[in-house]
Structures are given as structure tokens and as C-alpha cells.
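As C-alpha cells, the structure follows; a few thoughts come after it.
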Amino acid sequence: MKRLHTALITALAALALVSSAAAQAPPDPYTPEAREARLAWFKQAKYGLFIHWGLYAIPAGEWKGKRCLGLGEWIMNRCKVPVKEYELLTRQWNPTKFNADAWVQMAQDAGMKYIVITSKHHDGFALFGSKASRYNVVDATPFKRDILKELAAACQKHGMPLGFYYSQSQDWHEPGGAGNDWDFGPDESPDRKEMKDYEGYLRGKAEPQVRELLTGYGPVALIWFDTPRMMTKERAQRFADILRTLQPKTLIDGRLGAAGDYVSTGDNVIPSGVQKNYWEVPATTNHTWGYRKDDTDWKSPGEIAFKLVDIVSKGGNYLLNVGPMSDGIIPQAAQDNLRSVGRWLKVNGEAVYGAGASPFGEEMGEPSAKGTKDLRGQALVLPHNEWRVTTQPGKLYFTFFQEPRAPFVLPEMKNAIKRVYQLADGKAVEVKEENGRHVLNIERPILDPMATVVVVEIEGDKVEW
Ligand code: H79
């Protein structure tokens with residue numbers, strides 16, 4: 001008995017030793033498996049809310065009574081506003097109607113599954129309390145409230161993943177940051193020698209601020225870096241190491257310069273076909289990211305729903321932006337349009353969340369028969385926008401954005417078809433076989449003129465030819 005007891009204690013001690021060794025050596029965040037695990041929520045989420053908010057919301061596209069064309073958040077650059085003058089905007093920063101819960105509630109109503117907000121854009125102003133630079137909302141404005149703290153708390157409460165945009169290279173407020181040639185001269189000489197103390201800026205502001213974001217705001221879903229000017233592999237790796245050390249689960253977007261977890265397409269650029277791997281389209285609801293009072297050309301709910309399903313059918317995520325006004329309110333028209341899409345998603349979300357890409361592709365378009373090339377010398381693809389396909393195991397979701405030709409002939413596949421029905425109301429859709437092809441007889445008028453989803457349940461998990 002005594003011997004058994006000793007053996008048991010020895011075994012337990014050995015077990016404790018092994019598990020404490022495991023606790024001491026966390027899993028390597030640079031393995032493909034670790035990356036895959038980090039991306040699990042992102043793959044499921046598919047649709048996120050981007051928020052561009054900063055001092056630029058005050059001038060809202062106009063400086064001293066003159067319009068500055070271009071993106072709202074670029075006003076300092078486009079109108080060459082000196083730092084000393086632009087800084088004065090901090091005195092006017094008093095968004096009394098800012099309500100973090102209302103923003104998160106809107107994202108939820110819109111069916112969005114993550115939020116990314118500008119913690120610091122190219123203008124250098126931080127929306128969070130920072131020890132690394134006094135040019136921040138807490139230390140430099142009468143408002144004094146830490147916007148990111150409040151948003152992080154609201155997101156935590158609603159179970160909404162929160163990420164931070166951080167402009168790592170461009171910082172027009174700092175002599176060492178990239179981009180401000182009107183106060184501080186060019187970043188590089190004509191033979192591409194660095195002309196500024198860029199290293200000093202990176203080590204003195206950008207890196208410390210990214211550390212602050214990863215230590216003071218709970219779990220950070222991702223950091224969205226942008227415009228990697230002068231970002232050598234080695235410099236990008238320093239940021240990656242900060243993330244992997246402080247929060248190994250935090251994703252890195254595709255614009256750090258290296259070491260990203262997924263690809264970011266160009267702003268508002270949707271690829272013409274299916275792309276492998278993980279990717280995301282950052283996009284605007286009008287033509288600017290930061291609020292401009294003269295831009296009311298909003299994308300309609302139908303356009304947004306199309307783009308969302310289009311992107312999902314090509315294997316990507318959609319990160320769709322709003323630019324709140326200086327009082328803290330998201331423009332009502334943008335809210336209304338996003339909520340309309342949210343109501344559609346409440347009923348049709350199965351075709352989007354966690355859904356895979358189309359196994360077909362011809363529905364997306366085809367190269368110009370005339371052999372026209374695009375700017376990059378690639379064959380120009382003429383898009384078809386009538387319908388898209390997304391997938392779950394054993395299911396194909398055909399989303400129609402207009403009434404399809406009757407009868408609708410399904411793309412060729414070997415799989416037997418088990419059942420066909422409308423997703424929104426479960427009503428069966430008549431399916432026939434003609435000349436070895438499956439033909440659908442979809443009801444008219446079409447159930448939802450914005451987008452009607454027809455589910456085709458197939459034998460087996462995947463389409464076979
Ligand atoms: O944050 C948003 C943009 O401000 C940022 N990326 C998205 C997510 C961005 N940074 N740079 N760019 C986009 C490219 C900007 C190009 C332009 Fe311009 C800015 C075209 C017009 C204004 C630079 C300045 C080129 C011409 C003038």
C-alpha cells in the first residue's frame with residue numbers, strides 16, 4: 001500500500017513537471033498550424049466593420065472654407081496643412097454624442113462580426129491615451145475620454161472581436177515619420193537614401209504605441225497596418241515580434257510589409273475570381289474613409305449585399321467602412337443601408353458566415369473575347385453579376401441578384417441532388433433533369449428582389465465533376 005502510494009506521488013510529480021514545462025514554453029506562433037488556428041474566427045466572420053475616426057472628421061473635407069478634394073482623412077496632406085495648424089483641431093475635439101455601445105449595436109444589427117477602428121491614422125493623432133506621445137485624445141483634447149477603452153469595453157460586453165488600424169509608416173505629425181514632405185521634407189533622396197530619423201520614430205512612437213494597444217485594451221483581434229513605406233523585412237518583423245510576444249492570437253493584416261496572416265487587397269478592389277488562402281477587401285460605403293460632409297454617394301443595400309456575397313464566393317472577407325462625424329454619430333444614411341443588409345443577413349446568413357468559395361467560377365465573368373488587357377497586362381475580365389455561389393459541406397447556396405432566366409440550368413456536376421429550397425422561407429424549388437442537366441424552376445416574382453438564396457443540397461460534401 002505504502003509503495004503504491006509512493007509510486008502514485010512520483011507519477012503525479014512527473015505529470016506536474018511535464019505540464020509546467022508545457023506552460024513555460026508556449027506554442028510557437030510562427031508555425032503554419034498556429035497561423036491556421038489564429039485565423040479560425042476570421043474565416044467564420046466574413047463581414048466586418050471598419051471605422052475611420054480622427055481629427056479629420058472636424059474639417060470634414062474643407063479647410064478654411066475651401067474644399068480639399070480626395071479622401072477625408074487625407075486632408076492634412078492634400079491641403080498641406082502645417083503640423084502647428086492641424087494640431088489646433090485637438091481643441092475642438094468634443095464628440096459629446098459618442099456612444100461606444102451604440103456603435104457596437106449598429107455593427108451587430110448590420111450582421112457584422114468584427115470591428116476595426118483607426119487607433120492612429122497617417123495624421124499621427126491617437127484615439128487612445130498614450131505614454132509614447134501626448135498627441136492623443138486623452139492628453140491633448142478637452143474630451144479626455146479614451147475612445148478605444150470605451151469601445152473595447154462595449155465590444156467585450158457584446159462578444160464582438162475588436163481590432164486596431166495602426167499607421168506604422170506614415171505619421172505626418174512626427175519629423176521622423178513617413179509622408180510629411182510639406183513640414184519636414186522628403187522621406188528619401190532621389191537615390192532612395194532615407195532622409196529622416198525613421199528609426200527614431202519607429203522605436204520612439206510606433207513600436208511603443210503598438211505595445212500599448214496590445215496591453216491596455218484586452219484581447220486584440222487584429223492589427224491593421226497600412227502603407228508600408230520604408231518597411232524593410234527586418235522592421236516589419238520587429239512589429240510582428242511585438243504582436244506574437246504580447247498577444248500571439250492577434251492577426252496581422254496584409255500591409256505590414258512582411259509576416260502578415262492574410263492578404264489585404266487594394267482599397268475597394270475585389271478580385272475577379274476565386275483566390276486561395278485568406279484575404280480581405282477593405283472598402284468604403286461612399287468614396288471616403290474619414291467623414292466628408294460633401295460625400296453622400298452611398299452604396300445601396302443591394303450593392304453592399306452583392307459585394308458581400310461576391311467576395312465570400314471568391315473566398316474572402318469584406319471589411320466595410322463608416323466614417324463617424326465629429327460629434328460621434330455615424331451618418332444616418334450609412335447606418336440605414338447597413339442595417340438593411342443586416343436584416344437580409346438575419347434570414348440568409350447561412351450563405352455567408354463560414355461559407356466557402358464557389359466550386360464553379362464561370363458565373364463571375366469571363367475574359368474579354370477581343371483579348372483586351374488591363375493595366376497590368378492581364379486579360380480583362382468582364383464580370384457577370386446575376387448570381388453567385390457560396391458553399392457549406394453538402395450545400396450550395398445560389399444567390400440571385402436579379403430574376404434568373406427560366407428555367408435556370410445548374411452548372412454541371414456529378415453529385416446527385418437531394419433537395420432544393422429557398423433559404424428565406426424554406427419553400428421547395430422544383431428541380432427537373434433535362435438532357436442530363438439539372439434545371440430549376442424558381443418562383444416568380446422572385447422572393448426577395450434584392451437577393452434571393454436558393455439552397456441546393458447535394459450528395460457528398462463537395463461538388464464533383
Ligand atoms: O485608411 C484608408 C486610406 O486613408 C489608406 N488606406 C485606407 C484603408 C490609404 N493610404 N494611402 N492610400 C490609401 C493611397 C492613397 C492615395 C491617395 Fe493620394 C490619397 C490618392 C489621393 C489621396 C497620395 C496623395 C496620392 C495622391 C495624393
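The values are calculated or read from the model by the stated rules, or taken from the named source; none is laboratory data. Since we're looking at a predicted model, the values are computed, not measured. Here Cβ is always computed from backbone atoms with ideal geometry, including for glycine, and neighbour counts include all displayed protein chains. The protein model used for the area step is the full one, side chains on, heavy atoms only, and it has no ligands, DNA or RNA in it. Shrake-Rupley method; radii C 1.70, N 1.55, O 1.52, S 1.80 Å.
Out of Gly218, Gly204, I need the residue that is more than 15 Å from the ligand (Cβ to nearest atom), in contact with a Cys (Cβ under 9 Å, 6 or more places away or on another chain) and touching a residue at least 40 places away in the same chain (Cβ under 8 Å). Which one? Show your work before the answer.
Working: Gly204 fails: in contact with a Cys (Cβ under 9 Å, 6 or more places away or on another chain).
Just a single option satisfies the conditions, and that option is Gly218.
Looking at the stretch 340-367, which of its residues are under 23 Å from the mean Cα position of the chain (by Cα) and of a type in the set (Gly, Ala, Ser)? So that I can check it myself, show each step before the final result.
If we filter the stretch 340-367 for residues that are under 23 Å from the mean Cα position of the chain (by Cα), which is where we start, we get 340-358, 364.
Selection gives Ser340, Gly342, Gly349, Ala351, Gly354, Ala355, Gly356, Ala357, Ser358.
Can you report the number of residues in the stretch 221-250 which are within 16 Å of the ligand (Cβ to nearest atom) and outside any loop (DSSP other than H, G, I, E, B)? Show your work before the answer.
Our first condition is that a residue be within 16 Å of the ligand (Cβ to nearest atom); within the stretch 221-250, this holds for 222-231.
From the residues that got through so far, the ones that are outside any loop (DSSP other than H, G, I, E, B) too are 222-225.
Here the count works out to 4.
Could you list, in sequence order, the residues of the stretch 63-114 that are within 16 Å of the ligand (Cβ to nearest atom) and either assigned to a helix (DSSP H, G or I) or open to solvent by 60 Å² or more (accessible area, probe 1.4 Å) (or both)? Show your work before the answer.
First, the residues of the stretch 63-114 that are within 16 Å of the ligand (Cβ to nearest atom): 63, 67-81, 86, 114.
Residues satisfying the conditions are Arg67, Leu69, Gly72, Glu73, Trp74, Ile75, Met76, Asn77, Arg78, Lys80, Tyr86.
Would you point out the residue of the stretch 25-50, among those that are among the aromatic types (Phe, Trp, Tyr) and open to solvent by less than 40 Å² (accessible area, probe 1.4 Å), that is nearest to the ligand (Cβ to nearest atom)? First the steps, then the outcome.
Narrowing the stretch 25-50 to residues among the aromatic types (Phe, Trp, Tyr): 30, 41-42, 47, 50.
Applying the additional criterion that residues be open to solvent by less than 40 Å² (accessible area, probe 1.4 Å) yields 42, 47, 50.
On the way: Phe42: 17, Tyr47: 17, Phe50: 7 Å.
The extreme case among them is Phe50.
Taking only the stretch 302-334 into account, find how many residues are open to solvent by 30 Å² or more (accessible area, probe 1.4 Å) and of a type outside the set (Gly, Ala, Ser).
7
Determine the pairs where a residue that is at positive phi, located within the stretch 395-411, has a partner that is in a loop (DSSP other than H, G, I, E, B) with Cβ atoms under 7 Å apart, the partner being 6 or more residues away or on another chain.
From the stretch 395-411, no pairs qualify.
So which residues in the stretch 115-154 are in a loop (DSSP other than H, G, I, E, B) and either modelled with pLDDT under 95 or within 16 Å of the ligand (Cβ to nearest atom) (or both), if there are any at all?
First, pick out the residues of the stretch 115-154 that are in a loop (DSSP other than H, G, I, E, B): 121-125, 127-135, 141-146.
His121, His122, Asp123, Gly124, Phe125, Leu127, listed by residue number.
Of everything in the stretch 418-441, what is of a type in the set (A, V, I, L, M), touching a strand residue (DSSP E or B) at 6+ places or on another chain (Cβ under 6 Å) and surrounded by 13 or more Cβ atoms within 10 Å (Cβ to Cβ)? Give them in sequence order. Explain how you work it out, then say what you get.
To start, the set of residues in the stretch 418-441 that are of a type in the set (A, V, I, L, M) comprises 420, 423-424, 428-429, 431, 439-440.
Remaining after also requiring touching a strand residue (DSSP E or B) at 6+ places or on another chain (Cβ under 6 Å): 420, 423, 428-429, 431, 439-440.
Those that are of a type in the set (A, V, I, L, M), touching a strand residue (DSSP E or B) at 6+ places or on another chain (Cβ under 6 Å) and surrounded by 13 or more Cβ atoms within 10 Å (Cβ to Cβ): Val420, Leu423, Val429, Val431, Val439, Leu440.
Thr232 versus (1) hydroxyl-bearing (Ser, Thr, Tyr); (2) open to solvent by less than 10 Å² (accessible area, probe 1.4 Å); (3) within 30 Å of Lys131 (Cα to Cα): which is the lone unmet condition?
The number of the failed condition is (2).
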